[in-house]
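Peer 1: I am attaching a structure below and will ask some questions about it afterwards.
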2 protein chains.
Amino acid sequence: MSKHNTRLKDIAEKLGISIPTVSRALNNKSDIGEATKRKVLALAEELQYEPNQFAITFKNQQSYIIGLIIPQIVHHFFSNVISGIITEAEKFGYSVMLFQSNENYESELKGTKTFKKTMIDGLIISLSDTTHNVDHLIGLQDHKIPVVLIDKVTDMMTASKIVCDDYKGAYDATEHLIKVGKKQIAHITGSLTPMTTKERYRGYVDALEAYGLKIDKNLLKYCDLVSEKESYSQTKDLLNYLNPPDAIFCATDPTAIGAINAIKDHGLKIPEDIAVIGFSNWSMSSIIDPPLSSVMQPDYEMGQKAVRLVIDEINNLKEDKPIKFKTHIMKTSLILRESTIGKKIDLGKGVVNLL
Amino acid sequence: MSKHNTRLKDIAEKLGISIPTVSRALNNKSDIGEATKRKVLALAEELQYEPNQFAITFKNQQSYIIGLIIPQIVHHFFSNVISGIITEAEKFGYSVMLFQSNENYESELKGTKTFKKTMIDGLIISLSDTTHNVDHLIGLQDHKIPVVLIDKVTDMMTASKIVCDDYKGAYDATEHLIKVGKKQIAHITGSLTPMTTKERYRGYVDALEAYGLKIDKNLLKYCDLVSEKESYSQTKDLLNYLNPPDAIFCATDPTAIGAINAIKDHGLKIPEDIAVIGFSNWSMSSIIDPPLSSVMQPDYEMGQKAVRLVIDEINNLKEDKPIKFKTHIMKTSLILRESTIGKKIDLGKGVVNLL
DNA sequence: CCATATTACGTAAACGTTTACGTAACAATA
DNA sequence: TATTGTTACGTAAACGTTTACGTAATATGG
C-alpha cells in the first residue's frame with residue numbers, strides 16, 4: 001500500500017481537474033457541477049480519501065482538539081470525569097489530549113505551555129492542589145483559548161466553572177441519617193481548607209440544626225489525609241466517647257471504610273448500632289461489607305457538561321460573540337445501601353436503593 | 001494582548017531580516033551570524049515566541065502525538081497504564097490523545113479512523129473484548145504508523161506487544177499459599193476465554209503439581225463476570241464442600257473480596273481457617289478487612305515501556321530502518337497482607353509486606 | 001591580484017487544504 | 001443583438017514553518 005494517504009491532489013490529477021474543484025465536490029459547496037461531483041465522490045470512495053486533519057487545522061487555525069489537565073488520572077472520580085469528557089467530545093468531532101499534573105503546579109504549567117503550542121481550541125482543567133496562581137490560564141484566555149474549570153475551581157479568574165453541590169449532598173446524607181432515626185450523628189472530615197470539604201461540613205451542620213439536633217463538637221473528627229487509617233483511629237476515639245455516636249457521616253468513602261472497620265472491630269453492628277454514610281460512591285463502596293451508603297457525584301455528567309461549555313465558548317469566540325461565563329452546580333444523589341438502611345427498608349421516591 | 005501568538009514573521013519584520021534567518025537562529029543552525037542570532041534570540045524572548053506545533057507537524061509530517069485506545073478508563077489497572085504512558089510520553093516531547101473503546105469494536109474502529117486523520121505518529125492500544133478483526137490496525141501499519149499492543153493483545157497481527165506474566169504471578173501466588181502451610185487450595189477464575197485468565201489458571205495448576213498437591217476439580221469455580229457477587233456465592237459452595245479449602249487463589253481482586261465476605265459471613269477466620277489472595281492489587285485491596293494479599297501487575301511500567309517501544313519504531317521508520325517487533329513480558333510481584341499472612345510473619349526477601 | 005572557499009544571508013518551494021477572486025461558456029432578458 | 005446573470009470551473013494566495021538552493025560579500029591561498 002502507498003505510504004501516504006490519498007490527497008485532494010491525487011484525485012484531481014486522476015480526473016484531470018483542479019484541486020479546489022475536488023475540495024468543493026467533497027465539501028458540498030455550491031459552485032460545482034453534478035457530473036463532476038459524482039465522479040469525485042466515486043473516486044474519493046475508491047481511494048478511501050480521508051481529509052488530513054492537520055492541514056485543515058493549519059488552514060482554519062482550529063484544531064478540534066480539547067486539552068484536558070487532571071491532577072490524578074488514577075482516581076475513581078476523575079477517571080469518570082475523563083470518560084464523560086472523551087465520550088461527549090467525540091460526539092462533536094473533537095479529540096481530547098490528556099495531561100496529568102500530579103497535583104504539581106510546575107507540571108500544570110508545563111502542560112499549559114504544550115497545549116498552547118499545540119493550538120488546542122479549548123482547555124478543561126481541574127486545578128492541582130498546589131496551584132495558587134492562575135496566570136498561565138489567564139494567558140490562554142488572552143490568546144482566545146477558552147478555559148473551563150471543573151471540580152477544583154478558583155475565584156482567581158473569570159471563567160465557566162462546573163462543580164457539584166457538596167453542600168446539598170452533605171445535607172441530604174445527614175438528613176437521611178436523621179430520618180432513619182439517628183440522633184447522635186458524628187462527622188469525619190478532612191482538613192477544612194478545600195472548598196469541597198468546607199461545603200460538606202456546612203451541609204452537615206445545617207441539617208442537624210434544621211432538625212433541632214445539637215451540634216456536639218466532640219462528634220467532629222479530622223483526617224488530614226482523608227485516609228482509611230486515620231479514620232480508623234478517629235472512629236475508635238468516637239466509640240470510646242461517653243456519648244458515642246449512633247451514626248457517622250464521612251466526608252469521603254475511604255474514611256467511611258475506615259469507620260466501618262473500626263466499628264466492626266469494636267463489636268458493634270452496622271447500621272443497627274451505628275450507621276455509616278460516605279461521599280463519592282467509589283466503586284469499592286458497593287462491594288465491602290456491609291455495602292456503603294454514599295453520596296454520588298455526577299462525575300461523568302460533569303465531564304459532559306464541561307465539554308458542552310467549552311465548545312460553546314469556542315464557537316462564540318469564532319463568531320466574535322461575547323462569552324457568557326456560566327457556573328454550573330450539579331446535583332448529587334443519595335445511594336443507599338446496607339450501611340444505613342439494613343437489609344429491607346421501604347424507601348421514599350427519588351432515592352436509589354442498590355441492595 | 002494580541003490575538004495570535006508571535007510568529008517568525010513578526011520577529012523577521014521587526015528586525016528587518018528574512019523569515020528563514022529567524023528560523024535558523026532559533027534552531028541553532030550553522031548558517032547564521034553571531035550578531036543576528038543574538039538579536040533574534042533576544043526578541044524571541046521578549047515577544048515570548050513559541051513555535052506553532054501544527055505548522056511544524058504539517059511541514060515535517062510528524063505530529064508528536066501518540067494515539068491511545070483503552071477499553072475502559074475507569075479501571076484501576078488501565079488508569080495506571082494511562083498514567084504511565086502520559087508521563088513517559090511527555091519526557092520525549094510527545095502528547096497523548098486518548099480514546100475509549102468501551103469494549104466495543106465499532107467504537108475502536110472509529111477511534112482508529114479519527115487518529116489516522118489526525119496524523120498520529122504511533123498508536124498504543126489495548127484491544128476491546130469484542131474485537132476479533134484487526135484489519136484497522138494493520139491498515140495503520142501499512143500507512144507507516146507503528147502499533148503497539150498492550151495487555152489485551154492478539155496473534156492476528158505482527159506488532160510489538162506488552163503483557164505481564166500472568167502465569168508466573170499466579171504460580172507465585174499459589175506457591176505462597178503453599179508455603180504458609182495451606183494444602184487445599186481453591187481457585188476462583190473467570191471464563192477461560194481471555195488469554196490472561198487462562199494463564200493464571202495454568203500457573204495455579206503448575207504450582208500445585210510442582211509441590212505434589214493433587215488437583216481437585218471441585219475446588220475450581222468459575223465467575224463469568226468476575227464480579228464480587230458471583231464469587232460470594234461460589235465461595236459459599238466451596239465452604240459447604242465436604243473437603244473445604246484452606247486457601248483460595250482468586251483471579252481478580254473483586255472476586256477475592258467476594259470470597260472474603262462469604263468466608264466472614266460463614267464465621268471462619270482469615271487467614272487462619274482460610275487464606276485468600278487476589279490478583280491486580282486494586283487500591284481498595286489494602287483498605288478492606290482484612291487487607292488483601294494480591295499479585296501486583298506493573299501497570300504503570302507497562303505504559304512506560306509501551307511508549308518507549310512505539311517511539312523507537314517511529315524513529316526507525318523515519319530513518320527507513322527495519323523494525324524489530326518485540327514482545328515484553330513484564331514481571332508481577334507479590335504484595336502480601338493480612339489475608340494470607342496474618343498480623344506478623346517474617347517474610348522472605350524480595351517480597352513486599354505492606355502491613 | 002586572481003581563483004576559490006567560506007560565511008551569512010535571501011528566495012522559492014513545499015506540506016494539504018480552503019477560499020477569494022477571476023473568467024469562459026452559456027442562458028436569460030430587454 | 002447587446003447586456004446582464006448564472007454556472008462551473010481554474011488560479012492564486014494563505015495558514016507557519018523548514019529546507020534546498022542561489023548569491024553577494026568577505027576571507028584565504030598561491
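No value in this document is a laboratory result; all are computed from the given coordinates. Keep in mind it's a predicted model, so treat the numbers as computed, not measured. Every residue, glycine as well, gets a Cβ built from its backbone with ideal geometry; the counts of neighbours run over all protein chains shown.
Peer 1: Where a ≥ b ≥ c are the square roots of the eigenvalues of the C-alpha gyration tensor, would you call region A:110-178 rounded, which needs a/c under 1.5, or, failing that, prolate if a/b is larger than b/c, or oblate? Don't jump to the answer; show the numbers that get you there.
Peer 2: Numbers: a/c = 3.17, a/b = 2.85, b/c = 1.11.
Prolate is the answer for region A:110-178, as a/c is 1.5 or above and a/b outweighs b/c.
Peer 1: Turning to a different aspect of this structure: Rounded to whole Hz and in sequence order, give me ³J(HN,Hα) for region A:212-217 from the Karplus expression 6.51 cos²θ - 1.76 cosθ + 1.60, θ = phi - 60°, writing x for Gly and Pro.
Peer 2: So the J values, rounded to whole Hz, are x, 8, 6, 8, 9, 4.
Peer 1: What list of ³J(HN,Hα) values in whole Hz, one per residue of region A:187-194 in order, does the Karplus curve 6.51 cos²θ - 1.76 cosθ + 1.60 (θ = phi - 60°) give from phi, with Gly and Pro shown as x?
Peer 2: Running phi through 6.51 cos²θ - 1.76 cosθ + 1.60 with θ = phi - 60° gives 9, 9, 10, x, 5, 8, 6, x Hz.
Peer 1: For B:Met330, enumerate residues with amide H under 5 Å from its amide H, sequence gap 5+ or separate chain, H modeled in the peptide plane.
Peer 2: For B:Met330, whose amide H was placed from the backbone, the distant partners under 5 Å are B:Val163, B:Cys164, B:Asp165.
Peer 1: More than 46 angstrom separation, counting every C-alpha pair in the protein assembly as shown; what % is that?
Peer 2: Values: 73398 of 251695 pairs.
Value for the protein assembly as shown: 29 percent of Cα pairs lie more than 46 Å apart.
Peer 1: Summing -39500 (n - 2.57) over the DSSP H runs of n ≥ 4 in the protein assembly as shown and dividing by its residue number, what mean residue ellipticity at 222 nm do you reach, to the nearest 500 deg cm²/dmol? Could you put the intermediate results ahead of the total?
Peer 2: Details: 26 runs with 308 residues, N = 710.
After summing the helix terms and dividing by the residues of the protein assembly as shown, the value is -13500 deg cm²/dmol.
Peer 1: While we're on this one: Which shape class applies to region B:227-338: rounded if a/c is under 1.5, otherwise prolate when a/b exceeds b/c and oblate if not, where a ≥ b ≥ c are the square roots of the Cα gyration tensor eigenvalues? Write down the numbers at each step before the final one.
Peer 2: On the way: a/c = 3.91, a/b = 3.21, b/c = 1.22.
Verdict is prolate for region B:227-338.
Peer 1: I'd like the orientation of helix B:195-210 relative to chain B: the angle between its Cα long axis and the longest Cα principal axis, in ° from 0 to 90, rounded to 10.
Peer 2: That helix lies at roughly 40 degrees to the long axis.
Peer 1: Right, next: Report, ordered by chain and residue number, the aspartates and glutamates lying within cross-link reach of B:Lys117, taken as a straight Cα distance under 13 Å and ignoring same-chain residues fewer than 8 apart.
Peer 2: A:Glu50
Peer 1: Taking Cα atoms, how many degrees apart are the long axis of helix A:76-91 and the longest axis of chain A, rounded to 10 and kept between 0 and 90?
Peer 2: The angle comes out at about 30 degrees.
Peer 1: One-quarter of the Cα convex hull surface for region A:1-108, in nm²?
Peer 2: Values: hull surface 39.8 nm².
Result: 9.9 nm².
Peer 1: When only DSSP loop residues count, what GluC sites (Glu not before Pro) in region A:195-302 have their Cβ near at most 11 other Cβ atoms within 10 Å? Don't skip to the answer; put the middle values down first.
Peer 2: Values: sites: A:Glu199, A:Glu209, A:Glu228, A:Glu230, A:Glu272, A:Glu301; in loops: A:Glu272.
For GluC sites (Glu not before Pro) across region A:195-302 that sit outside H, G, I, E and B with at most 11 neighbouring Cβ atoms in 10 Å, the list reads A:Glu272.
Peer 1: Then there is this: Name the residues whose placed amide hydrogens come within less than 5 Å of the amide hydrogen of A:Gln184, ignoring near sequence neighbours (fewer than 5 apart) on the same chain.
Peer 2: The answer is A:Asp246, A:Ala247.
Peer 1: Continuing with the same structure: Using alpha-carbon pairs under 8 Å, 6+ residues apart, how would you state the relative contact order of region B:55-129 in percent? Please list the in-between numbers first.
Peer 2: Details: 109 pairs, mean separation 35.1, N = 75.
After rounding, I find 47 percent.
Peer 1: Counting only C-alpha contacts under 8 Å and six or more residues apart, can you give the relative contact order of region A:6-86 as a whole percent? Please report the intermediate quantities before stating the final value.
Peer 2: Values: 46 pairs, mean separation 17.5, N = 81.
It comes to 22 percent, rounded to a whole number.
Peer 1: Work out the P(r) tail for chain A: percent of alpha carbon pairs separated by more than 30 Å, whole number.
Peer 2: Details: 31634 of 62835 pairs.
Across chain A, Cα pairs with separations above 30 Å total 50 percent.
Peer 1: Gaussian network model of chain A, Cα springs within a sub-10 Å range: biggest mean-square fluctuation belongs to which of A:Leu149, A:Leu239, A:Leu43?
Peer 2: Taking springs between Cα atoms under 10 Å, the residue moving most is A:Leu43.
Peer 1: While we're on this one: Could you give log10 I(q)/I(0) at q = 0.10, 0.16 Å⁻¹ for region B:121-278, computed by the Debye formula over C-alpha point scatterers of equal weight, without solvent?
Peer 2: -0.43, -0.84
Peer 1: List the pairs from A:Lys183/A:Lys221; B:Lys110/B:Lys321; A:Lys161/A:Lys229; A:Lys59/A:Lys324; A:Lys214/A:Lys264 whose alpha-carbon separation is above 24 Å, in the order I gave them.
Peer 2: Working: A:Lys183/A:Lys221 17 Å; B:Lys110/B:Lys321 30 Å; A:Lys161/A:Lys229 33 Å; A:Lys59/A:Lys324 28 Å; A:Lys214/A:Lys264 27 Å.
Table pairs above 24 Å Cα-Cα are B:Lys110/B:Lys321; A:Lys161/A:Lys229; A:Lys59/A:Lys324; A:Lys214/A:Lys264.
Peer 1: Please list A:216-222, A:162-168, A:30-36 highest first by mean number of surrounding beta-carbon atoms within 10 Å per residue.
Peer 2: Details: A:216-222: 15.1, A:162-168: 21.0, A:30-36: 10.4.
Those peptides, ordered most packed to least, come out A:162-168, A:216-222, A:30-36.
Peer 1: According to the square roots a ≥ b ≥ c of the eigenvalues of the Cα gyration tensor, what is the shape class of region B:186-282, taking rounded for a/c under 1.5, prolate for a/b larger than b/c otherwise, and oblate for the remainder?
Peer 2: Numbers: a/c = 1.61, a/b = 1.14, b/c = 1.40.
The shape class here is oblate.
Peer 1: Now a separate question. Relative to the longest principal axis of chain A, what angle (0 to 90°, nearest 10) does the C-alpha long axis of helix A:253-265 take?
Peer 2: 30 degrees
Peer 1: Report, by chain and number, residues whose modeled amide H sits under 5 Å from the one on B:Asn104, excluding near sequence neighbours (fewer than 5 apart, same chain).
Peer 2: Here nothing satisfies the definition.
Peer 1: So what J values fall out for region A:300-317 if you push phi through Karplus, 6.51 cos²θ - 1.76 cosθ + 1.60 with θ = phi - 60°, rounded to Hz, Gly and Pro as x?
Peer 2: Going residue by residue, I get 4, 5, 4, x, 4, 4, 4, 4, 5, 5, 5, 5, 4, 5, 4, 5, 4, 4 Hz, with x marking Gly and Pro.
Peer 1: Could you work out the relative contact order of chain B, using alpha carbon pairs under 8 angstrom and six or more residues apart, expressed as a whole percent? The partial results should precede the final answer.
Peer 2: Details: 646 pairs, mean separation 56.8, N = 355.
Computed value for chain B: 16 percent relative contact order.
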